[in-house]
1. Go through (1) within 16 Å of His5 (Cβ to Cβ); (2) out of contact with any helix residue (DSSP H, G or I) (no Cβ under 8 Å at 6 or more places or on another chain); (3) basic (Lys, Arg) one by one and return the number of the condition Arg68 breaks.
2. Given the conditions (1) open to solvent by 50 Å² or more (accessible area, probe 1.4 Å); (2) out of contact with any Cys (no Cβ under 8 Å at 6 or more places or on another chain); (3) free of Cβ contacts under 8 Å to residues at least 24 places away in the same chain; (4) not in a helix (DSSP H, G or I), which single one is not true for Arg67?
3. Spot the failing condition for Val3; the list is (1) within 15 Å of the chain's Cα centre (by Cα); (2) in a helix (DSSP H, G or I); (3) at pLDDT below 90, and only one is missed.
4. Considering only residues of region 12-62 that are touching a residue at least 24 places away in the same chain (Cβ under 8 Å) and not in a loop (DSSP other than H, G, I, E, B), which is most open to solvent (accessible area, probe 1.4 Å)?
5. Checking Ser81 against (1) open to solvent by less than 50 Å² (accessible area, probe 1.4 Å); (2) among the hydroxyl-bearing types (Ser, Thr, Tyr); (3) in a loop (DSSP other than H, G, I, E, B), which test does it fail?
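The values are calculated or read from the model by the stated rules, or taken from the named source; none is laboratory data. Worth saying up front: this structure is predicted, and the values here are computed from it rather than measured. For neighbour counting, all protein chains shown are included, and Cβ atoms are generated from backbone atoms with ideal geometry for every residue, glycine included. For the accessible areas, the whole protein counts, side chains as well, though only heavy atoms, and no ligand, DNA or RNA atoms are used. Shrake-Rupley method; radii C 1.70, N 1.55, O 1.52, S 1.80 Å.
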Amino acid sequence: MVVRHRPSIEQGADDYGATYRMCCTCGQQGEAHASRRLAQYDLDSHVSALPRVPVYQQCRDRRAHDRRPWEPCATCAGQMSLF
């Protein structure tokens, strides 16, 4: 089973005001920050820690196949390019 990583930044509140936290569908969560920029840093570090997708598994049409650059694509895997 392939774990899909779809990180996002969620807004919450605490006693002092708004908080921002990185949450991913893989179950990993970042710390609650008062700044959205710090939550974005957590998101970027999570994505950069993911393993690179081999060239033969990279998606050629991410929008149509609903894939992110860090996710392998079963539709495009192993297919030869036309040009």
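1. Condition not satisfied by Arg68: (2).
2. All conditions pass for Arg67, except number (2).
3. Looking at each condition in turn, Val3 falls short on (2).
4. So, considering only residues that are touching a residue at least 24 places away in the same chain (Cβ under 8 Å) and not in a loop (DSSP other than H, G, I, E, B), the one most open to solvent (accessible area, probe 1.4 Å) is Arg36.
5. Checking Ser81 against (1) open to solvent by less than 50 Å² (accessible area, probe 1.4 Å); (2) among the hydroxyl-bearing types (Ser, Thr, Tyr); (3) in a loop (DSSP other than H, G, I, E, B), the one that fails is (1).
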